Amino acid sequence: MLRAFLGGAVFGTVTEGGEGLAVLLHGWRRTREDFDEVARELATLGMGAVAIDLPGFGATPPPVAPMGARGYATTLAPLVAELADAHGPVVLVGHSFGGRVAACLAAADASPVKGVVLSGVPLIRSAMPHSAPSIRYRCWREAARLHLVPASQLERVRRRYGSADYRAASGVVRGVLVASVSETYEAELEAIRCGVSLVWGERDTTVPVDVAWAAQRHAPKATVEVLAAVGHLVPTEAPAQLAKAAALLGGAG
């Protein structure tokens, strides 16, 4: 059932399932529908779920201004508090970009979160694989910095040589991508006081499992579960394992 939250600023799907509640946050260029099977699995384990369309994706309108994951967490904090008031402390399940937001939400002071499951999340920037920009793009960028070419020309070059995510985004959402790409979350991991489960696909080439091990060094109580033959899209490739991790942290199942 699709429901509006925060006066229509955010939309999500509610799945009834029990007293506990998981809040499900999807990845970049994805929607709440990635978690349809996860929500069904949670219901069988006695746990309800709210799968959110993050601002700028699915049914939820984009934010007014570009912001990184920390800004998204600030936006969603009242919703998490509202759900916790009704159901008790929630478990956050975040995939990829949604995991960035989940980590920031869980790290907040007095956060009404009893556990957080993160999957395929670029938590530690230094552990991520890096690909250098092409020489041609770097030349254009330097020319723009020296005011030798107009900004409009640099933007055309960015659309040609930028990542698939950059080319697919526009307006405020592109600004969100630019704001988020350089973020790293060591401080948030160290601030989280609830249980943390890092559930990773063995074959994740977008955010390799090395990132999970690096994140665990900043959250020593976190557990790491590596799923054989699973890639980046854990919510759709391994929904049962993701639901089980959330239910364990939530005291269900």
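The values are calculated or read from the model by the stated rules, or taken from the named source; none is laboratory data. Keep in mind that what you see is a predicted model, and the values were worked out from it rather than measured. Here the Cβ is made from the backbone with ideal geometry for all residues, glycine too, and neighbour counts use every protein chain on show. The accessibility values were calculated without ligands, DNA or RNA, using every heavy atom of the protein model including side chains. Shrake-Rupley method; radii C 1.70, N 1.55, O 1.52, S 1.80 Å.
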Residue set THR31, THR75; condition in contact with a Gly (Cβ under 8 Å, 6 or more places away or on another chain) and of a type in the set (Ser, Thr, Tyr); output residue THR31
Matching residues in region 212-253 (assigned to a helix (DSSP H, G or I) and closer than 21 Å to VAL91 by Cβ) number 19
- Task: Report whether or not GLY115 is modelled with pLDDT of 95 or more and buried (at least 16 other Cβ atoms within 10 Å of the Cβ).
- Result: yes
Counted residues in region 8-32 being part of a loop (DSSP other than H, G, I, E, B) and either open to solvent by 10 Å² or more (accessible area, probe 1.4 Å) or of a type in the set (Lys, Arg) (or both) come to 9
The number of residues in region 89-104 that are open to solvent by less than 20 Å² (accessible area, probe 1.4 Å) and over 11 Å from the mean Cα position of the chain (by Cα) is 2
Exception for LEU189 within (1) in a loop (DSSP other than H, G, I, E, B); (2) buried (at least 20 other Cβ atoms within 10 Å of the Cβ); (3) not hydroxyl-bearing (Ser, Thr, Tyr) falls at (1)
Open item on the list: Checking the structure you have, find out if any residue of region 109-116 is over 16 Å from GLY195 (Cα atoms) and assigned to a strand (DSSP E or B).
Closed with: no
Among residues of region 192-218 being in contact with a helix residue (DSSP H, G or I) (Cβ under 7 Å, 6 or more places away or on another chain) and more than 21 Å from CYS104 (Cβ to Cβ), the residue surrounded by the fewest Cβ atoms within 10 Å (Cβ to Cβ) is ASP210
Next on the checklist: Regarding region 147-159, can at least one residue be identified that is modelled with pLDDT under 85, open to solvent by less than 50 Å² (accessible area, probe 1.4 Å) and not in a helix (DSSP H, G or I)?
Outcome noted: yes
Taking region 33-78 and keeping residues surrounded by fewer than 19 Cβ atoms within 10 Å (Cβ to Cβ) and aliphatic (A, V, I, L, M) leaves ALA43, ALA59, VAL64, ALA65, MET67, ALA77
Exception for ARG217 within (1) touching a residue at least 24 places away in the same chain (Cβ under 8 Å); (2) at negative phi falls at (1)
